[in-house]
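Participant: My structure is below; once you've seen it, I'll send some questions.
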C-alpha cells in the first residue's frame, strides 16, 4: 500500500491509512465481511488504500460530486483504479451525498451492507451530520465510520456537527482519535457502536502499541484511544520539576 500511496493526490495521511487498513484486516480475520464506502472519494488516495483490503465478493463505493477542482476528476479516479487493478471492485456514484438514500449506495441491495465508511465530504457542519446519519443507517453491527478533518483549524464547526450527530445516535461513540501528521494531513475519528468499542480499542492498542498517547481523549460520554505518529507527554510536578513520560 505505502509504495503507491503518495502517487495518488490527496491529503489523508499515510498514518491514518495504515490504521484503517489494519482495522479491515482484523475484521476479515474474524470473518466480519462487508463492503466499504467513501464520501468525497476525489482521486482515490484513501479509497484505494482501503480497497486493497477487500475480501472476495466485497465492493468499494466511491461517492462524490466529482466537480472539484475540475469536471475530469472522476476520469482520473477511474484511471487510478485501473492502474491498481481495482476498477472492477469499485462502484463510482456521481452525486450529492446529502440527497442519497441507503438503497442508492449499498451494493447488491443489502440494507446494512458496509463494514467501513469514510466521510470526507464538503466540510460543512450540516452536511457532515447528514452524511453521518446516512452512514449509520447502512452499517453492519460491527461497522466502523471514519470522519476526516477532525480538529482542523480550517473547519472548526465540524466538531459541533459531530457532537450533535452523536447525541442523536447515542449507540455510536468515538473509540479512537488518529492524530494529525501535519496541518494538512488532519486528524480522523473512528466510530463504532458501543458493543464493539472495546474490541477495536484492544485491536489497535495491540497493533500500534508504540503509537499510543498515554492520555485518553475525553468525550462527553466516553474516553477514546489516541494514536499519534510521535507520542510525546510530560508530567508537571509540584515544585516545578518536569518528568518526561513519552518522548
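Participant: Yes or no: residue 37 buried (at least 23 other Cβ atoms within 10 Å of the Cβ) and part of a loop (DSSP other than H, G, I, E, B)?
Facilitator: On the way: buried (at least 23 other Cβ atoms within 10 Å of the Cβ): yes; part of a loop (DSSP other than H, G, I, E, B): no.
Answer is no for this residue.
Participant: Starting from residues that are assigned to a loop (DSSP other than H, G, I, E, B) and free of Cβ contacts under 8 Å to residues at least 40 places away in the same chain, keep the ones in the range 40-52 and report whichever is nearest to residue 137 (Cα to Cα). Break it down stepwise before answering.
Facilitator: Here is the first cut: in the range 40-52, the residues assigned to a loop (DSSP other than H, G, I, E, B) are 40-44, 52.
Next, from what is left, pick out any that are free of Cβ contacts under 8 Å to residues at least 40 places away in the same chain: 43-44.
Working: 43: 26, 44: 24 Å.
By that ranking, first place goes to 44.
Participant: State yes or no: is residue 91 over 18 Å from the mean Cα position of the chain (by Cα), at pLDDT 95 or above and not in a loop (DSSP other than H, G, I, E, B)? Walk me through it before giving the result.
Facilitator: Values: over 18 Å from the mean Cα position of the chain (by Cα): yes; at pLDDT 95 or above: yes; not in a loop (DSSP other than H, G, I, E, B): yes.
When the stated conditions are applied, residue 91 passes them.
Participant: Quick one: would you say residue 62 is assigned to a helix (DSSP H, G or I), within 26 Å of residue 132 (Cα to Cα) and touching a helix residue (DSSP H, G or I) at 6+ places or on another chain (Cβ under 9 Å)? It would help to see each step written out before you state the result.
Facilitator: Numbers: assigned to a helix (DSSP H, G or I): no; within 26 Å of residue 132 (Cα to Cα): yes; touching a helix residue (DSSP H, G or I) at 6+ places or on another chain (Cβ under 9 Å): yes.
Answer is no for this residue.
Participant: Say we look at the range 72-95 and pick out the residues that are farther than 23 Å from residue 108 by Cβ and free of Cβ contacts under 8 Å to residues at least 24 places away in the same chain; which of these is surrounded by the most Cβ atoms within 10 Å (Cβ to Cβ)?
Facilitator: Of all residues in the range 72-95, those farther than 23 Å from residue 108 by Cβ come to 72-73, 75-76, 79-80, 83.
Next, from what is left, pick out any that are free of Cβ contacts under 8 Å to residues at least 24 places away in the same chain: 72, 75, 79, 83.
Numbers: 72: 10, 75: 12, 79: 12, 83: 14.
Per the criteria, the residue is 83.
Participant: In the list 179, 122, which residue meets the criterion of being under 25 Å from residue 22 (Cβ atoms) and surrounded by fewer than 24 Cβ atoms within 10 Å (Cβ to Cβ)?
Facilitator: Numbers: 122 fails: under 25 Å from residue 22 (Cβ atoms).
One residue alone meets the criteria, 179.
Yes/no per residue for (1) within 20 Å of residue 130 (Cα to Cα); (2) without any contact (Cβ under 8 Å) to a residue 12 or more places away in the chain:
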position	(1), (2)
13	no, no
28	no, no
70	no, yes
97	yes, no
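Participant: Moving to a separate point now. Is it fair to say residue 6 is out of contact with any strand residue (DSSP E or B) (no Cβ under 9 Å at 6 or more places or on another chain) and either surrounded by fewer than 14 Cβ atoms within 10 Å (Cβ to Cβ) or under 20 Å from residue 144 (Cβ atoms) (or both)?
Facilitator: On the way: out of contact with any strand residue (DSSP E or B) (no Cβ under 9 Å at 6 or more places or on another chain): yes; either surrounded by fewer than 14 Cβ atoms within 10 Å (Cβ to Cβ) or under 20 Å from residue 144 (Cβ atoms) (or both): yes.
So residue 6 passes the test.
Participant: Continuing with the same structure: Of all the residues that make up the range 214-229, how many are in contact with a strand residue (DSSP E or B) (Cβ under 9 Å, 6 or more places away or on another chain) and part of a loop (DSSP other than H, G, I, E, B)?
Facilitator: Number satisfying all stated conditions: 7.
Participant: Being under 26 Å from residue 183 (Cα atoms) and in contact (Cβ under 8 Å) with a residue 24 or more places away in the chain narrows it down to one residue among 35, 21, 55; which is it?
Facilitator: On the way: 35 fails: under 26 Å from residue 183 (Cα atoms); 55 fails: under 26 Å from residue 183 (Cα atoms).
The match here is 21.
Participant: Among the residues of the range 165-213, which ones are at pLDDT below 95 and farther than 24 Å from residue 246 by Cα?
Facilitator: 184
The values are calculated or read from the model by the stated rules, or taken from the named source; none is laboratory data. As the structure is a prediction and not an experimental result, all values here were calculated from the model. Note that each Cβ is placed from the backbone with ideal geometry, even for glycine, and that neighbours are counted across all protein chains shown.
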